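The values are calculated or read from the model by the stated rules, or taken from the named source; none is laboratory data. None of the values given here were measured: they were computed from a predicted structure. Methodologically, a virtual Cβ is constructed for each residue, glycine included, from the backbone with ideal geometry; neighbour enumeration extends over all protein chains shown. When the accessible area is computed, the model is the full protein with side chains, heavy atoms only, and any ligands, DNA or RNA have been set aside. Shrake-Rupley method; radii C 1.70, N 1.55, O 1.52, S 1.80 Å.
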Amino acid sequence: MDLSELPAAQRPMSVEQLVKAAQDFDYNPLIPLRYWLRTADTLLKEARIYELEGNDQQAYLLLFRHAQLVLGHLTDHPDGRLKENRQALTEAKKAVNRNLAKLEVLKPRINKRYQRYEELVRAREDLRKASANPSDHQYDGCDISTLSRTPLDPAAIAPRTLAASENKDLAVELAHKEIRRRQTLRRAVRQAGISSQEEHERRTAGIWGDWEEALARHGQPRDKDDVSQRVQETRRYMDQMNRISSAQGRDMDDAAPRSRLPASQSAYQYPSVPAKSAHESWTPSTVSSPSHTSPHNIDPLPLRPPKELPNDRSDYFVPLRPEKTPIQSASPTPPPLPPFSTASPPPAPPKADLNPSTFTFKPAAYLENGTPLRTIFLPPNLRSVFLDIAAPNTRANLETCGILCGTLISNALFISKLVIPEQESTSDTCETVNESALFDYCDSEDLMVLGWIHTHPSQTCFMSSRDLHTHCGYQVMMPESIAIVCAPSKEPSWGVFRLTDPPGLKTILNCRQPGLFHPHGEGNIYTDALRPGHVFEAKGLEFEVVDLRPSR
């Protein structure tokens with residue numbers, strides 16, 4: 001395989017390309033500011049983890065996207081004038097200001113890696129041409145005999161990619177080790193007397209790995225940021241990067257699918273907003289995800305088998321794109337080249353030396369628009385534990401809901417907490433109340449919200465119109481978000497779902513029909529995320545139950 005044919009997840013990008021990709025998302029001001037602020041917070045959590053794992057490229061993209069979202073859009077959001085949003089918006093601006101220095105640190109490392117990649121690509125091309133003319137011992141100054149003995153290993157410029165379906169045991173062991181390490185680090189920070197406010201500020205600023213320096217400085221006075229001055233500085237920086245991106249990337253406009261930003265962090269298509277200033281010069285078009293959209297083409301999944309539809313559902317399931325037909329080449333077979341192949345699955349790293357930075361889990365599924373979905377690892381016994389907790393409500397014909405929380409490790413998402421929020425239930429609905437307590441807990445434990453789970457005590461296993469609108473808020477914050485429905489009295493008794501994108505997510509976002517339950521004119525609104533999909537059950541994956549209900 002040629003170096004230029006590396007999978008998108010492994011292919012290095014220049015800073016200019018990353019800036020262009022980071023700006024490429026759709027923004028909808030009609031979506032409440034609180035969702036966008038949660039999206040911004042999630043972007044920073046993901047950026048911090050990618051940076052710690054050595055993925056400077058993805059960390060830079062997310063940090064720049066966060067800056068573009070906050071300064072380019074959220075400062076002008078209609079809800080920004082509301083008292084309850086002012087403090088959160090101010091903190092988001094401060095986070096952007098603190099991340100300016102981090103962007104500058106990442107930039108030379110990214111460019112160095114990209115230059116190395118280009119050098120290898122050129123060397124590979126020189127060798128290909130030289131091999132086609134074996135009579136020439138030299139080609140453009142390249143020694144053929146030397147090049148032919150030099151394997152061009154993709155691991156030299158990118159971590160190994162692993163398939164989630166083939167490495168579940170490794171994923172479980174990695175999750176246990178890394179989650180415990182992070183928990184130990186949080187305890188050490190708190191025991192050292194770092195205030196929760198300072199800890200949160202450092203986390204949202206993408207700072208995690210330099211706690212020793214922070215502890216050494218703890219107690220010393222810190223300069224207060226002049227927000228207005230730093231915002232202007234940030235905008236000037238972004239304007240400069242935008243001009244560089246525009247000058248060098250005009251010919252790339254049609255080369256890659258666009259990445260979209262969530263309506264709180266999603267991957268879907270929203271109406272574009274007219275540019276208001278220099279830093280809003282981009283024009284979003286197609287759907288993409290704010291947190292990890294790849295700017296490269298991705299092969300589609302095979303055709304899914306037909307699925308039995310519930311009798312009362314017409315907006316249920318649509319197969320993914322048909323299997324691509326291989327392109328047959330009529331050109332003669334090229335001469336053999338030095339070993340460089342990613343066709344066979346790479347070996348898993350030794351379990352004794354599990355390091356999240358040495359490999360990455362590749363996407364196992366894609367949205368209908370082609371955006372890759374990171375793998376979610378789900379504890380198989382989580383559902384039975386949740387049903388035991390919900391049993392009293394189920395016997396009383398009341399719904400129960402829980403929140404699926406976890407973290408990002410090696411480009412995969414691991415569910416490690418089942419949080420039972422304060423809630424109000426009926427036989428057909430379940431509403432979270434005191435939502436701030438839920439998000440405060442998630443922030444204190446540095447958790448990402450990966451979806452939700454709820455019961456249908458007497459109904460079948462499907463997503464009602466109410467469920468679709470509820471899940472829309474989750475998938476807007478993160479495109480991988482899932483909804484698990486448990487119907488213990490019916491068969492099938494459970495399912496894992498997500499909105500299609502398109503058309504499901506946009507349909508629900510634009511729906512203004514009154515009433516709790518109503519039909520949607522568009523079909524194929526949601527689909528199975530487990531069989532097949534981006535969700536994998538991982539036997540042995542540990543999780544903790546946290547019940548926030550006052551009576552508990």
Scan the range 508-515 and give yes if some residue there is of a type in the set (A, V, I, L, M), touching a Phe, Trp or Tyr at 6+ places or on another chain (Cβ under 6 Å) and buried (at least 19 other Cβ atoms within 10 Å of the Cβ), otherwise no. no
Going by the conditions given, is Val545 over 21 Å from Asn411 (Cβ atoms), at pLDDT 95 or above, assigned to a strand (DSSP E or B) and in contact with a Cys (Cβ under 6 Å, 6 or more places away or on another chain)? no
What are the residues in the range 509-532 that are in contact with a Ser or Thr (Cβ under 9 Å, 6 or more places away or on another chain), assigned to a loop (DSSP other than H, G, I, E, B) and not polar (S, T, N, Q), if any? Cys511, Gly515, Leu516, Phe517, His518, Pro519, His520, Gly521, Glu522, Gly523, Ile525
Only one of Leu63, Leu89, Leu103, Leu74 that is within 17 Å of the chain's Cα centre (by Cα) and either within 16 Å of Trp36 (Cα to Cα) or touching a residue at least 40 places away in the same chain (Cβ under 8 Å) (or both): Leu63
Where residues in the range 373-394 are open to solvent by 10 Å² or more (accessible area, probe 1.4 Å) and in contact (Cβ under 8 Å) with a residue 40 or more places away in the chain, which of them is farthest from Tyr441 (Cα to Cα)? Thr394
Could you list, in sequence order, the residues of the range 1-39 that are under 14 Å from Gly473 (Cα atoms) and modelled with pLDDT of 85 or more? Ile31, Pro32, Leu33, Arg34, Tyr35, Trp36, Leu37, Arg38, Thr39
Would you mind finding the one in Ala437, Ala391 that is among the aliphatic types (A, V, I, L, M) and modelled with pLDDT of 95 or more? Ala391
Go through (1) open to solvent by 10 Å² or more (accessible area, probe 1.4 Å); (2) of a type in the set (Gly, Ala, Ser); (3) within 23 Å of Ala391 (Cα to Cα) one by one and return the number of the condition Ala483 breaks. (1)
Identify the residue in the range 488-504 that is open to solvent by 10 Å² or more (accessible area, probe 1.4 Å) and of a type outside the set (Phe, Trp, Tyr) and, among all such residues, is farthest from Ser427 (Cα to Cα). Pro502
Being more than 22 Å from Pro108 (Cβ to Cβ) and either touching a Ser or Thr at 6+ places or on another chain (Cβ under 6 Å) or free of Cβ contacts under 8 Å to residues at least 12 places away in the same chain (or both) is the filter here; which residues of the range 10-29 pass it? Asp24, Phe25
Does the range 132-141 contain at least one residue that is modelled with pLDDT under 85 and in contact with a Pro (Cβ under 7 Å, 6 or more places away or on another chain)? yes
Tell me, which helices (runs of 4 or more DSSP H) lie completely within the range 371-488 with 1 or more residues that are more than 23 Å from Tyr35 (Cβ to Cβ) and of a type in the set (D, E, K, R)? 382-395
Residue identified as open to solvent by 50 Å² or more (accessible area, probe 1.4 Å), more than 29 Å from Thr507 (Cα to Cα) and of a type in the set (A, V, I, L, M, F, W, C) among Ala59, Ala101, Ala95: Ala101
Go through the range 486-526 and give me each residue that's among the β-branched types (Val, Ile, Thr) and farther than 22 Å from Thr375 by Cβ. Thr507, Ile508, Ile525
Conditions: (1) assigned by the TED database to the domain that holds Glu46; (2) modelled with pLDDT under 90. Ile207 meets all but one. Number of the miss? (1)
Taking the range 30-44 and the residues there that are touching an Asp or Glu at 6+ places or on another chain (Cβ under 8 Å) and open to solvent by 10 Å² or more (accessible area, probe 1.4 Å), the one that is nearest to Thr358 (Cα to Cα) would be Asp41
State the number of residues belonging to the range 363-392 that are among the polar types (S, T, N, Q) and over 28 Å from Lys539 (Cβ atoms). 2
Residue count, the range 102-123 (criterion: closer than 13 Å to Tyr60 by Cα and of a type in the set (S, T, N, Q)): 1
